[in-house]
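Down below is the structure, laid out as structure tokens.
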Amino acid sequence: MTPELRALYQEVIIDHGRHPRCFGPMSDATHVLEGYNPLCGDQLKLFLKINHQVIEKAMFEGSGCAISMASASLMAQYLQNQSLDDARKCFKYFHAMVVDKSEPHEKLGKLNILQGVKEYPARVKCATLAWHTLLNALDGKHDIAKTE
């Protein structure tokens, strides 16, 4: 990754961290689940409105580091109008990119800006918190999603 591209990615992460999109409660959510990262103290609540196997809307609220908030913000944007199958595939691609250090996947689109997180193992849990919360919600789990 070029230094220019890395700087651009950092700007986007900082922007989403400070001004998250899809942020706030959702009164008509069909799925609500909390997530917590005990290592960093990140916490969030994910709201999904699912209809006919499609995530019509995704929102979140919470607090945490810039990487955690940016990841949740970008994920929530991505999930709008995605099928549950596509959301699960996206989790798989994202997790592989930041945990297994796989190459970014074209299907992830803008989410690929978080690929640099894999270089900072302590931050991987921050980036994946929203994603583990999503997976627990899709799997019908009710426990607080954790990165530990």
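Values in this text are rule-based calculations from the coordinates and carry no lab data. Model, not experiment: these values are computed from the prediction. Don't worry about glycine lacking a Cβ; one is built from the backbone with ideal geometry, like all the others, and counts go over all protein chains shown.
Annotations
- Of LYS92/LYS118; LYS45/LYS92; LYS57/LYS101; LYS49/LYS110, pairs whose Cα-Cα distance is over 18 Å: LYS45/LYS92; LYS57/LYS101; LYS49/LYS110
- Of all aspartates and glutamates in the structure, those lying under 19 Å Cα to Cα from LYS89, and not within fewer than 8 positions of it along the same chain, are GLU56, ASP100, GLU103, GLU106, ASP139.
- Basic side chains Lys and Arg get +1 at the Cβ, acidic Asp and Glu get -1 at the Cβ, and with that the dipole of the range 1-65 about its Cα centre reaches some 60 debye.
- Under a model in which nothing but the beta-carbon of Lys, Arg (+1) and Asp, Glu (-1) is charged, the chain shows a dipole of about 60 debye around its Cα centre.
- Protection proxy ranking, highest mean first, for peptides 61-69, 127-135: 127-135, 61-69, where packing is the per-residue count of other beta-carbon atoms within 10 Å, averaged.
- Burial ordering of ASP15, ASP85, fewest other beta-carbon atoms within 10 Å first: ASP85, ASP15
- Förster radius 25 Å - calculated FRET efficiency between ASP143 and VAL99, Cβ distance, rounded to 0.05: 0.75
- Extended-chain gain in nm, criterion 0.36 nm per residue less alpha-carbon gap, ASN81 and ASP28: 17.5 nm
- The value obtained for the chain, namely the Cα convex hull volume divided by the number of residues, is 95 Å³ per residue.
- Crossing angle, helix 3-18 versus the chain [Cα axis fit, 0-90 degrees, rounded to tens]: 30
- Rounded to the nearest 500, the 222 nm mean residue ellipticity of the chain from helices alone is -14000 deg cm²/dmol, with -39,500 (n - 2.57) taken per DSSP H run of at least 4 residues.
- Peptides 35-41, 118-124 ordered by average Cβ neighbours within 10 Å, highest first: 35-41, 118-124
- Residues listed by number, the range 96-121, amide nitrogen under 14 Å from ARG6 label point at 7 Å toward C-beta: 115-120
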